[in-house]
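Visitor: The following block contains the structure, expressed as structure tokens.
The numbers here are math on the coordinates, done by the rules we state, and not lab data. What you see is a predicted model; the values in this text were computed from it and never measured. All Cβ positions, even for glycine, are placed from backbone atoms using ideal geometry, and neighbour counts span all protein chains on display.
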Amino acid sequence: MKSIIILVELVLLSFLVFRLFKLYRNYKNLGDSGTFLEKVGMVLNRSLPKPVSTLLIREITMFYYLLAGGSPKEAGESFTYHKEAGYKAILFALMSVILLESAGLFFLLHQWSPILSWIHIALNVYGVLYLISDYRAIKQRPILLTDEQLRIRLGSRREIEVPIRMIDSVNSGNSFMEEKKNKTVFKAVLLETEMPHFELCLKEPIYTINLLGKPQAIEKVYVTVDDRERFHQSLLRKMESGKSVLG
């Protein structure tokens, strides 16, 4: 029986090593076709079932932004979206609450179940690391505007690429509260309690990937930026320029 268990373990280990080698080889074959995270995403999506690859990409992304020193400069006009909302202070307050709650509950749970108390601590530490990683991603991944597209990233959570030619109109975000539960709405806001600055109405639906790794049709995009006047004017110029080219 012991020999059979050892054999099974060796087979599983060999399979794992083979899969890892194959993933590494596919990654190297991509060359300089994208950033580290983009290439990892392409390799995992090709090699693994979608739910598994989505989960792995999310975890790798978290640790990447937790440890990465900085992101390479990207082409386009960049816009931050976290300063005006005071997100740094909100994040600090939230982490303080988590840490205080963790310390209190740890001693309470430890008297009843030491294992459960340590699991609780581990989950809360993971939550704090995620918040730190997400904030670093927010700082390193601003909204980008180029001649062809508007690339909106919400930290490491979600992103969408909106072709300029697909934007029908740019309006105020005042209707956000009535429409935020609509599945065809992309919410580029850090806190859903805040009112976005702009509503981008699209000529026809475009697709992004939701948190479950499934395609989602988007008809409207709500977005907040720190420098709203510069963003508004730059976006209108790109839209007018695009119309001139098409005309």
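Visitor: Which peptide among 171-184, 225-238 comes first, and what is the full order, when sorted by highest mean count of other Cβ atoms within 10 Å?
Guide: Numbers: 171-184: 12.9, 225-238: 15.7.
In descending order of packing, they fall as 225-238, 171-184.
Visitor: Per residue of region 101-111, in order, report the coupling 6.51 cos²θ - 1.76 cosθ + 1.60 (Karplus, θ = phi - 60°) as ³J(HN,Hα) in whole Hz, putting x for Gly and Pro.
Guide: Listing the rounded values in order: 5, 5, 5, x, 5, 4, 5, 5, 6, 4, 5 Hz.
Visitor: Here's something else I'd like to know. Taking K and R as +1 and D and E as -1, what net charge do the other residues with C-beta under 12 Å from the C-beta of Lys183 add up to? Spell out each step's value before the answer.
Guide: On the way: positive: Lys180, Lys181, Lys187, Lys214, Lys220; negative: Glu179, Glu219.
Taking every other residue near Lys183 into account, the sum is +3.
Visitor: Students often get this wrong, so check it: of Lys83/Lys180; Lys181/Lys214; Lys73/Lys203; Lys73/Lys180; Lys83/Lys214; Lys180/Lys203, which have C-alpha atoms separated by over 27 Å? List each step's numbers first, then the result.
Guide: Details: Lys83/Lys180 22 Å; Lys181/Lys214 17 Å; Lys73/Lys203 31 Å; Lys73/Lys180 32 Å; Lys83/Lys214 31 Å; Lys180/Lys203 19 Å.
Pairs exceeding 27 Å: Lys73/Lys203; Lys73/Lys180; Lys83/Lys214.
Visitor: What number, in percent, do you get for the relative contact order of region 88-192 if the mean sequence gap of Cα pairs under 8 Å and at least 6 apart is divided by its residue count?
Guide: 15 percent
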